[in-house]
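A short write-up of the structure that comes next.
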Amino acid sequence: MDWLTDYKIPVGAVAEDVFDWLQTHGGWFFDGLAAGMEWLIDGLLFLLQAPPPLLVVALATALAWWVHRSLSITLLVLLGFLFILNQGYWEQTIQSLTLVISACLVCMAVGVPIGIASAHHPNFYRGLQPVLDLMQTLPTFVYLIPAIVFFGIGMVPGLLATVIFVLPAPIRLTHLGVSSVPRSLLEAADAFGATGWQKLVKVELPHALPQIMAGLNQTIMLALSMVVIAALVGANGLGVPVMRALGQVNTALGFESGFIIVVVAIMLDRVLRIKGARS
């Protein structure tokens, strides 16, 4: 089989050349992107770290009650945050939440419009599908290489890798929601003289809201699953003690930090399961 490998397709070499070209000619773009992401991360960190922890817990508990009017969910959020404080992982939890919230803001701001456009243009979506498949199936560790090349070490490359991995979820679910609007509703809107913008805002988006909220839920869960991998490129948060426990074969530290991630995931999932947005 040597004759086959002698004519190896230069996938890796081409990828390296592309990244080298981007690094040489697109430095201004990546510097601006890094500055914007740093501003977003620093702003969220300040909002969550500046107040006393108990005040943040009280506000999160009040938000859970306002959204659900459910004593069980509100109590879950309260006990979850108190457990995090009890275990001494408040700072790492806030850092991970900052990464998750930043990824969600970017993914929903980019993913929802792309999902709407793909629902209105089937040919565009057919061309987009292989890209989305690649983003979701390519090993996440591979994303870390260009992230380090373009942005160095820290929270920014962790956020970039998270966004690339998570972005297909809101795109696919928004596309599903908008494209599944019954034709009768669209025909009724046309009969009443609705413009394209009016149909989108008053018919398509309200009908697609459960799928869009499911996309938000999946975005947050997938982003939270990336906290450990993001720690490999210097992102602070709950991934750091997990990696430290792995390096030291420290069972106690591993179970503590891992269980905190589970608690955060459960709280976020329950709070996001609003009426009409079951995932």
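The values are calculated or read from the model by the stated rules, or taken from the named source; none is laboratory data. Being a predicted model, the structure only gives us computed values, none of them experimental. Note that each Cβ is placed from the backbone with ideal geometry, even for glycine, and that neighbours are counted across all protein chains shown. Heavy atoms of the whole protein, side chains included, go into the accessibility calculation; ligands, DNA and RNA do not. Shrake-Rupley method; radii C 1.70, N 1.55, O 1.52, S 1.80 Å.
Observations
- A straight chain from Lys202 to Ser70 at 0.36 nm per residue would run longer than the Cα-Cα distance by 44.6 nm.
- Rounded if a/c under 1.5, otherwise prolate or oblate - the range 1-158, Cα gyration tensor axes: prolate
- Projecting the alpha carbon convex hull of the range 87-227 along each direction and taking the average yields 10.0 nm².
- Rg then Dmax, both in Å and based on the Cα atoms of the range 205-265: 15.1, 51.
- Relative frequency of Cα-Cα separations exceeding 18 Å in the range 166-226, percent: 41
- Spin-label model, Trp21 to Ala194: label points 7 Å out along the Cα-to-beta-carbon direction sit 4.4 nm apart.
- Residue separation of Leu186 and Asn86 scaled by 0.36 nm, minus their Cα-Cα distance, works out to 30.7 nm of gained length.
- Accessible solvent surface per residue of the chain, calculated while the other protein chains remain in place, 1.4 angstrom probe, Å²: 55
- Equivalent ellipsoid, the chain (semi-axes from 5 times Cα gyration tensor eigenvalues, Å): 32, 31, 17
- Its relative contact order, with pairs defined as Cα atoms under 8 Å and 6+ residues apart, puts the range 22-157 at 34 percent.
- Sorting the segments 67-77, 155-165, 141-151 by their residues' average number of neighbouring beta-carbon atoms within 10 angstrom, most packed first, yields 155-165, 141-151, 67-77.
- Estimated inter-spin distance, Val149 and Trp39, nm [label 7 Å along Cα→Cβ]: 2.7
- Scoring 31-39, 81-89, 172-180 by mean Cβ neighbours within 10 Å over their residues and listing the highest first yields 172-180, 81-89, 31-39.
- Span-rule helices in the chain, defined as complete DSSP H runs reaching 30 Å or more along the axis (Cα) with Kyte mean at least 0.5: 27-49, 90-120, 251-272
- The chain, accessible surface, carbon-and-sulfur percent (1.4 angstrom probe): 70
- Rg to Rh quotient for the range 45-128, alpha carbon positions, Kirkwood Rh: 1.17
- Within-14-Å neighbourhood charge of Pro157 [Cβ basis; K, R +1; D, E -1]: -2
- The chain, relative contact order [Cα under 8 Å, separation at least 6], %: 23
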